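These notes concern the structure reproduced below.
The values are calculated or read from the model by the stated rules, or taken from the named source; none is laboratory data. All values reported here derive from a predicted model rather than from experimental measurement. Every residue, glycine as well, gets a Cβ built from its backbone with ideal geometry; the counts of neighbours run over all protein chains shown. Surface areas here come from the heavy atoms of the whole protein model, side chains and all, with no ligands, DNA or RNA. Shrake-Rupley method; radii C 1.70, N 1.55, O 1.52, S 1.80 Å.
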Amino acid sequence: MKNLMYLIIIALGVCLGIVGGSSNILFLSAAFALIAGVFILLSNYSVATIIVAFYIVIDYGLRTFVPSLAGVWDELLMVCLFMLWFLKLIIHRKEPSYKFTPMDVPIIIYFSANILVLLVNSPDFKIAIEGIRANVEYLIWYFLVIMLLKKERDIQFFCNALIIVAAGIAIHGIYQYITGAEMPANWVDSAEAGIKTRVYSIIGSPNILGSLMTLVTPMTLSFALAEKRILKKLIYVVLAGLMILCLFLTYSRGAWIGFAVAMAVFVWIRDKRLFVPAIILMVAVVIFVPSISDRITYMLSPDYTASSLRAGRLVRWLTGLEMFKETPIFGVGLGQFGGAVAMNNGIKGTFYMDNYFLKTAVETGLVGLCAFVILMVQAVVWSYRTFIMCKDKYYKIILSGIFAGILGTVFHNFVENIFEVPMMTSYFWVLVAIVMHLWFYYDANAKDN
């Protein structure tokens, strides 16, 4: 009840700031909300992690209405959470000051590899700084969230908040399809003129929208399986259905592949008897839904291969492989090719690689690629190990969905630059943090016993 009162005060302060016509009212209401926020965070600091669940909504709102804050708000939030972590160490001394997990070493190795490439091979140091920031900054969410999470119930709050956000975005995407939202002509090949709309919602990219659905849908289904109350179970099923429909309407083949991998793994670890029926169902969807079957069969056709070799993924990958062969150890330098940093800085001849692993190899060579592969493998392995060691039936089901979403996102990175998008990288590492938070306490209990 006390926390609810604080939340009402914060909401009231924010509303006053929005409707206030003068800067004085805006300042006073913002200060009012800030003071109330300090009280609630000090009483239950893990509540702050829920803010990250609304990352995409906050980012879109600021980019639309307060563009001056759009580029720095997430860094400011990180600073605030660091300060909150420091206050936690002072006020809540009985709780662990630092949660050591098996992910610490892989993350440190990845950080170190990027720093080494920065120091050894930076044709343009300013661009290299942007490049290393894009690579490692959003990994910080992992440490912040795992240090601030306190109770298992906080995990439920965060996951449900993320499910609500993803479902809202999915509904908006479906609305776009119904209303025939415009899209750039280069989003589909000229041979696929039948596709009039690929939905993108507030994210702006059908591929990234599809990746978000891939990450969150298995988790939503796991909540449906874990929930005992029929009404809530039905709500989760409906929300998952909306996400799946939105995923299909993105017409993102890469996201479909990632989702297929995620769902195959999810079904396999939940009930192996359902694996073959699930595969049959997925094949049936591909065969009997014309828009999906046409998109898949075109990808397997000689026309697609020719088009892709001319101006698509295949020619990009071949170009990337040739560049990797030329500078195999340290690459061409951070931010120099294959991603957003290179594009934003007008690097000559660059383009989006549409393969984050290959983009990493080209920019950072074997040093960065090996570190990144180790990082991804360990994230998947320890997510699965945590699922195996979990004895709580409810959280074991939840972990199966989170693990499947994490694995699907990793696979999607083979055909897209998913981790170039701060929102997706943030959500990915927060979910890994949630898994490792549970690992920390299961491991501690196992040692005590």
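Give me, ordered by chain and number, the residues 5 or more places off SER205 or on other chains with an amide H under 5 Å from its own placed amide H.
For SER205, whose amide H was placed from the backbone, there are no distant partners under 5 Å.
Using only C-alpha positions, report the orientation-averaged shadow area of the convex hull of the chain, nm², one decimal.
Orientation-averaged projected area of the Cα hull: 24.1 nm².
Which whole-Hz couplings ³J(HN,Hα) result when phi for each residue of the range 298-308 is put into the Karplus expression 6.51 cos²θ - 1.76 cosθ + 1.60, θ = phi - 60°, listed in order with x for Gly and Pro?
Values, residue by residue: 5, 4, 8, 8, x, 4, 5, 4, 5, 5, 5 Hz.
Under a straight-distance cross-link criterion of Cα-Cα below 17 Å, which aspartates and glutamates are reachable from LYS126, leaving out those fewer than 8 residues away in the same chain?
Result set, ordered by chain and number: GLU137, GLU363.
Given H placed on each backbone N at 1.01 Å, which residues far from VAL415 in sequence or on other chains put an amide H within less than 5 Å of it?
TYR356
Accessible area of the chain with a 1.4 Å probe: how many percent of it is carbon plus sulfur?
Its accessible area is 72 percent carbon and sulfur atoms.
Can you divide the C-alpha Rg of the range 295-342 by 2.2 N^0.38 Å and report the result to two decimal places?
1.44
List the lysines whose Cα lies under 26 Å from the Cα of LYS151, skipping any in the same chain that are fewer than 8 positions away.
List returned: LYS2, LYS88, LYS94, LYS99, LYS228, LYS232, LYS233, LYS391, LYS393, LYS396, LYS447.
Please list 3J(HN,Hα) in residue order for the range 113-128, calculated via the Karplus relation 6.51 cos²θ - 1.76 cosθ + 1.60 where θ = phi - 60°; whole Hz, with x for glycine and proline.
4, 5, 5, 4, 5, 4, 6, 8, 9, 10, x, 9, 5, 4, 5, 4
So what is the calculated 222 nm ellipticity per residue for the chain, using -39500 (n - 2.57) for each DSSP H run with n of 4 or more, over all residues, to the nearest 500 deg cm²/dmol?
-25000 deg cm²/dmol
Over the C-alpha atoms of the range 345-443, what are the Rg and the largest Cα-to-Cα span, Dmax, in Å?
Radius of gyration, then largest Cα-Cα span, for the range 345-443: 15.7, 54 Å.
Taking the mean number of other Cβ atoms within 10 Å as a proxy for protection, how do you rank 311-321, 419-429 from highest to lowest?
Highest mean packing first, the order is 419-429, 311-321.
Which value, in Å², gives the accessible area per residue of the chain when a 1.4 Å probe is used on the protein heavy atoms?
Heavy-atom accessible area per residue stands at 47 Å².
Can you list the residues, at least 5 places off or on another chain, whose amide H is less than 5 Å from the amide H of PHE351, using H built in the peptide plane?
The list, which skips near neighbours in sequence, is GLY338, GLY339.
Run the numbers for VAL377 and ALA181: contour at 0.36 nm per residue of separation, minus the present Cα-Cα distance, in nm.
66.7 nm
Using the Karplus equation 6.51 cos²θ - 1.76 cosθ + 1.60 (θ = phi - 60°), what ³J(HN,Hα) coupling, rounded to whole Hz, does each residue of the range 217-222 give in order, writing x for Gly and Pro?
Each residue of the range 217-222 in turn: 4, x, 5, 5, 5, 5 Hz.
For the range 212-300, which trypsin sites (Lys or Arg not before Pro) are in a loop by DSSP, counting at most 16 other Cβ atoms within 10 Å?
Passing sites in the range 212-300 are LYS228, ARG229.
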